[in-house]
Structure formats: structure tokens, C-alpha cells
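Visitor: Sharing a structure below in C-alpha cells format, with a few things to ask.
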Amino acid sequence: MVRGFPKLFESPGEGFGWASAWPWRGRQYYTRGLIQAALVRVGQGQEGAVSHIHARFPLICRKYHRSHPLGIFFGESPLDSPFLLVLFEIVFIICTTSIIRFLLKPLKQPRVISEMIGGIIVGPSILGRNKKFAEAMLPDNSQLVVRSVGIMAFMYFMFIAGIKMDFTLLKRCGRKHVYIAVTGVIIPTATSAAVAFLTRKSMDPELAKVSSIGAITTSLAVTSFPVLNPILKDLNLLSSEMGRMAIVTAVIGDAIGINIVIAFEAVKQGEGDSVDAVWYLISLVILLAFICIAVRRTMLWIVHKTPVGKPVSQGYIVGILLGVLVMGFLTDMFGMAIANGPLWLGLVIPDGPPLGATLVERTETLIMEIFMPFAFAVVGMYTDVYAMFEFGWSGLSPLFGMIVTGYISKLLGTLIPSLLCQMPFRDSLTLSLMMSLRGQVELLLYIHWIDKLIIGVPPFTLLVLSTVVITGIAGPLISFLYDPTRPYMVNKRRTIQHHPPDTELRLVVCVHEEESVAGLINLLEVSCPTVDSPFSIYSLHLIELIGRGIPLLVDYENEEHSPEYTNDDAIHNALKLYSETRGELKFNAFTALAPMRSMYQNICELALDNKATLIILPFHKEYPNNLEGTQILRRGVQSVNIKVLSHAPCSVGVLVDKGNFRNPMHAAGGSMRRHHFVVLFLGGADAREALAYADRMVGNLDVSLTVIRFLSFNHEGDDEMEKKLDDGLVTWFWVKNESNERVRYREVVVRNGAETVASIQAVNDEAYCDLWIVGRYQGINGKLLEGLEAWSEDNELGVIGDYVASIDFGSTASVLVMQKQVLRGQGPPKLGWKKRLSSFNNSRSSMFLCGS
């Protein structure tokens, strides 16, 4: 319970009671407990009590209501105004933490580390040590404002964390998760408690109490979801295998930790009088019943009243945010930790859209970027390294022993059961480090303990510094040990070119919005699925994770209870309807909810698990049919596509749909008109994959194909190995389709990139084309692209793909860009040229056409 903040008073006389045990800097410091004791004497009418207070606690008069300064030109300092001082403090604190975050980002440090260090810098350990700085920036009246805003920030942080937390995971977690979580809590609790009882005699009386020891040992053993979730998000590991396992394990640990904290709070309340503990439990039960029944039903009613696809009414949002303050007031009034109420309120709010997503979307940025720096400033104000050193090793050694033992046993308590569950050592160590991360929840507990008089400033400083050190070491080690993309690069070829004929072809089709479905269906149709070579389609609807903190992959075939916002999914219904009209198709529906930064992990993992040959991605730009020359950007999709292209365990195709593939039902009914496709073959692995896929499309009688091969003049810049591979595939393709009237083949000889694009433009002017098929850029002769590199804007398409997809090209045809699978050890695909030349001359150049 954070009822206030210990105000430091100094007195020349000797201390009495609890505060006399905390001498440093040659003075005696007294906390609120001493003032309360003296005021009790006054209330009891004891003789000399008032003079006793005056003697020990000198009165300080300060003028709080000053007139607004006229300005610096009148010789007045703006910092003399409390309002302007608070404004300056807001800017100073936020800028300090932002600068530290920027400096530590290359070191793979989590954001919470930067914010803790920023708070310590503002406090008495560094800048606050300077008397002039402390008097100008942190006078008593402004400290009260900073501390109040900081505690409110912690309250709203816990509220948002509660919304994101999903305790329904406890129903779906496996035995391995439960075993690791329970062992990871019991072992560090037991070992650190053993150290505490062995050194109990040298502890301060308050710290030596059973309730105090229990509180500290539990905090060392439990890894909190509100801490782990943002750190894993910073490290881009939320959707990884180890990230998901750590999140589930943390939720199980939180379920255990919340009950333990409540138990020790009850013990603490009953230390004075056992009746207090009874009333504490009664008030707790009443409050929890009110939240779980009345508040929960109210939230469900709000969700029910909100129309599908519409945002929640602003009035409801304001009421809920006001309820956070009410819950904090109630829990503090009943003697509970002030953040418990906001956390419980967040837990009963349905996560995801519409309510949970709206609350998080509208408040998270304000809370994390504006208010949370104040919370860390509060931590920094309590952190005093000089006070800790002056306090001495003898007073801190028992607590230090508990901390070291707790963290080591937490590491081992997670590592050993993970190894016993047959997990690889590297992954087990990564999980152990993840479960050792500490942050905001621990800092809030430390403030709670200092308010409960369990610890003073020196132990508080030791706990904060240990949190910084542990998390500061664990974060970079996790990044070093664990690469979530490592399993995606496989040794077995999974490409269209090497796919055995007359066997099932497995494709992962990714969809962000309904507008992409029609084009993807027609692409599947022209890809010519047959009875001998059927398609197995894994449809993955990608949804950005908003309003919940746990990524989710929903398998519609095996999932017993799908989330509410994935029911009646129009995207999957359309694809399922198409598959039912074709016996050559098997359809499997999935929905992935993940942050945009880690969404590629869901795509690659689905392709890896199902041994897919091809991943089809929608381009990050949309071209509306009724708005010619207009592009609509899909936020975050480009970064997802580029990461999939870099880490995919199979070949990848990026579809730029300009509206030509938006009549899927005609395709299913067999009344499709004749399509004309053009393959731009510039050589290299990606071009060979594009030609292999086009060869499959030729099996569709409604498709005519033109293949244009670009060759360098006098074979300049050719790679002999790539040239032989290109010749072999082109020869095979031409021999196979030589008698096919729907297939034409040309060769174009060019000297540079300008001639290449001029030739492509000539082809576009000659005849109408429905689809351009090109390779991305692996193995392309640099001479064919000379001068074009600086012109390209979209790296996901490569230079030529970007050119034919651009509005300036003047084509309404869609574009399919193919990239061949990158095998393990080859690394991500690199450009086949090294020179960076100026933009090409747009004039038409001569070209040489051979064959027909």
C-alpha cells in the first residue's frame, strides 16, 4: 500500500524507535512512522508532546502559491513558478530517459534498463547529488507532484498489463510448462528463504519478520508477465518458440505469485492484531467478488452493445480509465498494494477487439511515453548509492545473500527441469535467462516495501541495482544465445523447380485484408491444380496483435474454442468456398495474432511445420480497381514481407494484385477468359524458380505464356555456373513446350539497365498482359541492371519487379515476384551486382530479338 512517501527529517538529537537503525551521512533520518508515533502522543494529551515534536521536527514554512512570473526579461526565473517547474521536469525526465534508451539500444538492452538508469541519473545518486540541481529541479513541492504522477503511472501500467494478460492459457498449457513454472518458483523461494533464516539474527527487526522474508523471497522467485512481455517484444521474440513458452510459464508463475502475495499481505496485516488480518481477507473477498461479477458483466455488456467493426464509445473508455483510479483508491484503503486493484480491473476486461484493443490503442502510448518516465524518476529519487555505501556491508549482507541465492537458484530452477524435459541446452539456458528478467513490477514492490517500513533507502538501492544488473546482463545474452530464425533455414530443397511431378504441392497463402482474397484465389486457379498434383492450401490470416500481450496461432481444424474475433472469418470462408468447388484442393485455415515485427516467425514456422514448397505474400501496396493510379499502403506489411524473404524455409512469391485476379468465382465455374502471362527471365536462381512456376501455369488451357530471356552483350559479366544452370532449364522448358501454340519464347540482348527497361517497355506496348512473372534478384548478371539500383524503391520486389509494378510503367497487369529457397549456410539473398551508378537514360535503345 502506497499511502504516501517517507519524508526525510533531520534532527540533532538521537533517534528513537525504528528509524534510529538507519543512520548515514552523520545525521538521523526519520520516516512517517516516527511522526505518527509523536502525533499519537499529542492525541493522547501527553504533557510536553507538542514541544517534543517541535524539538525533534523543526517546522519549515514555504510559500506554495506564488504569483505567475512576468518573465526572464523582468529578472525572474521561470523555475520559481511551480507550474513551469513541473513542465520543465516533464521535458527533462522524458528527454533523459530517451537519450539513455538511444545510447543503450545498440547494446541490445531492454527499454526498462534505459528507463531505470535514467531515473537513477535524475535522483540523488548522480544529478540530485548536486545541491543546486536538487534545490532548483526537485524542491519538496515538485517532488510530491512527480511522485504522485509516478505512482499513477504504475497503476495504469498494471492496468494495461492486466488487459493483455490471458489466464485462459492455464487451460491450454502442457505439463512441461506447469512443471517448469512450479519448479522455477519453489526452488528459489526455498533456497533464498533458507539463507534469510540463517542470517536472520543480523537483519533489521522489520526485515527479519516472516512476512517480510516471504515477500522478498517470492519476488525473487516469480517472473511477472507485465515485465516479461514488453522485454520480449523489445527483443522481437514474442512469436518465437522460446518467447511463447516463457510467456506461458510466466502466466502460470503469476497465478502462483498473486496468491502468495495475498497470503503474506494478510500475515503482515495480522502482525499487530489478528482481527486486522480477518478484516483484510473479508474486504479482499468482497472486492474480488465485485470485480469478477459486477465489473466483468458490465464489460461484457459494453462489448455486446458495441456494433461489430465499430469502436467502443468514448464515454465507456473514459469511465473505465476513471475506474482505474477508483480501484487504486479502494485497494489502498483496504490495506492492499495500490496496484492490485488496477491489475484486477484489467484482468476482467475482455482482451482483443473491441474493448481491450481500443483501451490499449488509445492509452498505451501516453502511459508508456509520458507517464512511465515519472515512475522511474520516483525509483531514482529513492535510489541513493552514497547512502548504501555509508550504511555499510554488515547491514546489507543478509539481503545481498538472499538476492544472489534467489537469482542463481531461479536460473538453475528453470534450467534443470527444462533439460529434464528434453529441451536443448541452448534453449533451456535461454528460457532460464528469460525467466530471470526483472522490471516494473519489482520496482513497484520495492516502493511498497519502503512504504510498509520493511526496508529503508540503502536496501532499496541494493534491490534496484540488482534488478538493473540482472536484467542488463540477461537481455543481451538472450539475443546472443537464441536466434528464432535458426530452424527456418533447412538443408532440404523445397522449391517449385525441384518439386517432384504428380505429387501434392503445399502452399502457405498469407492474407492481411479481404481485398487480397480474390486475387489469391485466381492465382491458385491459374497455377493449375490437378488430381495427380493437388494443392494443399494453408491459409494464414494475419492480424496485428493489439489489446493482448500473448501471440496466438489459431488452427481452425484442431482449435476447440476459437477467439471471438476470429469466428465467421470472411477471408477463410471465401477460400473454403473456393476449395469446395475444386476436388484438387485441400484447405487448412489458420489465424495468427502477432506483433508486426515478429509476424514473419508465424509464417515461416507454419511453412516449416507443414513442409510447404511455396509461400505467397500480398504486396504492401493495394491498387483499388475504381481509383486508377492510386496506391494504398498497408502499414507494416513491407517489413513482414522482407523478413519472410530473408528467413523462409521454402520459395516465396510476392503478388502485386492490380485487379486482374479479382473474379475468382468465374475461375471456379470454368468460364475464365484467356489470360496472357509474360516471364521476364534475367537469369539466376530466382528467375529459374519463376520459369518453373510459369511452366506449371501453362498446364491451364486458359493461360498463354511468353518467355523473354535477357542476355548480356558479348556475355559480359556472366557467371559461368549460373549461365549453365539457366541454359539447362530454358532448354528443358523449350523442348517441353515447343509444340504448344500457347507458349512463345524470345531472347533479348542488352548492354545495360537502360536497354533492359526499354525492352520491357516495348513488350508492354506490343500486347496486353495480365501478369508479369519475374525473379527477385538472386544470380542476376549485374550488367543487365547497370544503372537501375538507385531507382528501385521496394526491395521486396527487386529492381525489375519494382519497375513493372510501378505506376510509371503504365501497365495494369499484376506482378508475381519469385524468390527461390535459400538453403542453410547460404545466408539471406544478396544482390547480384556491386556497382552503384546514376539513374539510367530513359531513351529507347536498340535491342536484338532472336527466335520466336
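The values are calculated or read from the model by the stated rules, or taken from the named source; none is laboratory data. Predicted, not measured: the structure shown is a model, and the values here were computed from it. Note that each Cβ is placed from the backbone with ideal geometry, even for glycine, and that neighbours are counted across all protein chains shown.
Visitor: Can you run down the residue pairs with Cβ atoms below 7 Å, 6 or more apart or on separate chains, where the first is in segment 302-320 and closer than 21 Å to TYR156 by Cβ and the partner is among the hydroxyl-bearing types (Ser, Thr, Tyr)?
Guide: As it stands, the answer is ILE302/TYR316; PRO311/THR358; VAL312/THR306; VAL312/THR358; ILE317/THR358, since those pairs meet every condition given.
Visitor: Looking only at segment 217-239, count every residue that is surrounded by fewer than 24 Cβ atoms within 10 Å (Cβ to Cβ) and part of a loop (DSSP other than H, G, I, E, B) and tell me the total.
Guide: The total comes to 2.
Visitor: Hey, another quick one. With the checklist (1) loosely packed, with under 15 Cβ neighbours inside 10 Å; (2) touching a residue at least 60 places away in the same chain (Cβ under 8 Å) in hand, flag the one item ALA289 doesn't pass.
Guide: (2)
Visitor: Related question: Tell me yes or no: at least one residue of segment 184-203 is within 28 Å of the chain's Cα centre (by Cα), free of Cβ contacts under 8 Å to residues at least 24 places away in the same chain, surrounded by fewer than 18 Cβ atoms within 10 Å (Cβ to Cβ) and part of a helix (DSSP H, G or I). Working first, answer last.
Guide: Step one: of segment 184-203, the residues within 28 Å of the chain's Cα centre (by Cα) are 184-185.
Then drop every residue that is not free of Cβ contacts under 8 Å to residues at least 24 places away in the same chain, which leaves none.
No, segment 184-203 contains no residue that is within 28 Å of the chain's Cα centre (by Cα), free of Cβ contacts under 8 Å to residues at least 24 places away in the same chain, surrounded by fewer than 18 Cβ atoms within 10 Å (Cβ to Cβ) and part of a helix (DSSP H, G or I).
Visitor: Here's something else I'd like to know. Go through (1) closer than 24 Å to LYS658 by Cα; (2) in a helix (DSSP H, G or I); (3) in contact with a helix residue (DSSP H, G or I) (Cβ under 8 Å, 6 or more places away or on another chain) and name the single condition LEU784 misses.
Guide: Of (1) closer than 24 Å to LYS658 by Cα; (2) in a helix (DSSP H, G or I); (3) in contact with a helix residue (DSSP H, G or I) (Cβ under 8 Å, 6 or more places away or on another chain), only one is false for LEU784: (1).
Visitor: Return a yes/no flag: does segment 315-324 have any residue that is assigned to a helix (DSSP H, G or I), surrounded by fewer than 17 Cβ atoms within 10 Å (Cβ to Cβ), over 30 Å from the mean Cα position of the chain (by Cα) and on the phi < 0 side of the Ramachandran plot.
Guide: No, that holds for no residue.
Visitor: Take VAL441 and tell me if it is β-branched (Val, Ile, Thr) and in contact with a helix residue (DSSP H, G or I) (Cβ under 7 Å, 6 or more places away or on another chain).
Guide: Values: β-branched (Val, Ile, Thr): yes; in contact with a helix residue (DSSP H, G or I) (Cβ under 7 Å, 6 or more places away or on another chain): yes.
Yes: the conditions hold for VAL441.
Visitor: Restricting the search to segment 481-508, which residues are under 15 Å from GLN819 (Cβ atoms) and of a type in the set (A, V, I, L, M)? Write out each step before concluding.
Guide: To start, the set of residues in segment 481-508 that are under 15 Å from GLN819 (Cβ atoms) comprises 488-489, 493-498, 507-508.
Selection gives MET489, ILE496, LEU507, VAL508.
Visitor: Could you pull out the residue among THR414, THR383, THR365 that is hydroxyl-bearing (Ser, Thr, Tyr), assigned by TED's automatic domain parsing to the domain that holds ILE293 and modelled with pLDDT under 90? So that I can check it myself, show each step before the final result.
Guide: Numbers: THR414 fails: modelled with pLDDT under 90; THR383 fails: modelled with pLDDT under 90.
After ruling out the rest, the residue left standing is THR365.
Visitor: In addition: Go through (1) outside any helix (DSSP H, G or I); (2) among the aliphatic types (A, V, I, L, M); (3) farther than 20 Å from LEU345 by Cβ; (4) modelled with pLDDT of 85 or more and name the single condition ILE252 misses.
Guide: (1)
Visitor: Further question: Take the conditions touching a strand residue (DSSP E or B) at 6+ places or on another chain (Cβ under 9 Å) and of a type in the set (Gly, Ala, Ser) and apply them to SER224. Does it pass? Explain how you work it out, then say what you get.
Guide: On the way: touching a strand residue (DSSP E or B) at 6+ places or on another chain (Cβ under 9 Å): no; of a type in the set (Gly, Ala, Ser): yes.
Criteria not met by SER224.
Visitor: Do we find a residue being at pLDDT 85 or above and polar (S, T, N, Q) anywhere in segment 163-176?
Guide: Within segment 163-176 (the criterion being at pLDDT 85 or above and polar (S, T, N, Q)), the answer is no, since none of the residues qualifies.
Visitor: Pick from GLY243, GLY214, GLY253: which is surrounded by 18 or more Cβ atoms within 10 Å (Cβ to Cβ), in contact with a Phe, Trp or Tyr (Cβ under 6 Å, 6 or more places away or on another chain) and of a type outside the set (Phe, Trp, Tyr)? Quick ask: steps written out before the conclusion?
Guide: On the way: GLY243 fails: in contact with a Phe, Trp or Tyr (Cβ under 6 Å, 6 or more places away or on another chain); GLY253 fails: in contact with a Phe, Trp or Tyr (Cβ under 6 Å, 6 or more places away or on another chain).
On inspection, the qualifying residue turns out to be GLY214.
Visitor: Please state which of the following conditions ASP483 fails to meet, knowing it meets all the rest: (1) under 23 Å from THR183 (Cβ atoms); (2) part of a loop (DSSP other than H, G, I, E, B).
Guide: (1)
Visitor: Being farther than 24 Å from PRO500 by Cα and in a helix (DSSP H, G or I) narrows it down to one of VAL748, VAL757, VAL735, so name that one.
Guide: Numbers: VAL748 fails: in a helix (DSSP H, G or I); VAL735 fails: farther than 24 Å from PRO500 by Cα.
Among VAL748, VAL757, VAL735, only VAL757 is farther than 24 Å from PRO500 by Cα and in a helix (DSSP H, G or I).
Visitor: Then there's this: Of the numbered conditions (1) at pLDDT 85 or above; (2) in contact with a Ser or Thr (Cβ under 9 Å, 6 or more places away or on another chain), ASP726 satisfies every one except a single condition; which is it?
Guide: Of the numbered conditions (1) at pLDDT 85 or above; (2) in contact with a Ser or Thr (Cβ under 9 Å, 6 or more places away or on another chain), the odd one out for ASP726 is (2).
Visitor: Regarding segment 94-115, can at least one residue be identified that is in contact with a Phe, Trp or Tyr (Cβ under 7 Å, 6 or more places away or on another chain), in the same structural domain as PHE225 (by TED's automatic domain parsing) and hydrophobic (A, V, I, L, M, F, W, C)?
Guide: No, segment 94-115 contains no residue that is in contact with a Phe, Trp or Tyr (Cβ under 7 Å, 6 or more places away or on another chain), in the same structural domain as PHE225 (by TED's automatic domain parsing) and hydrophobic (A, V, I, L, M, F, W, C).
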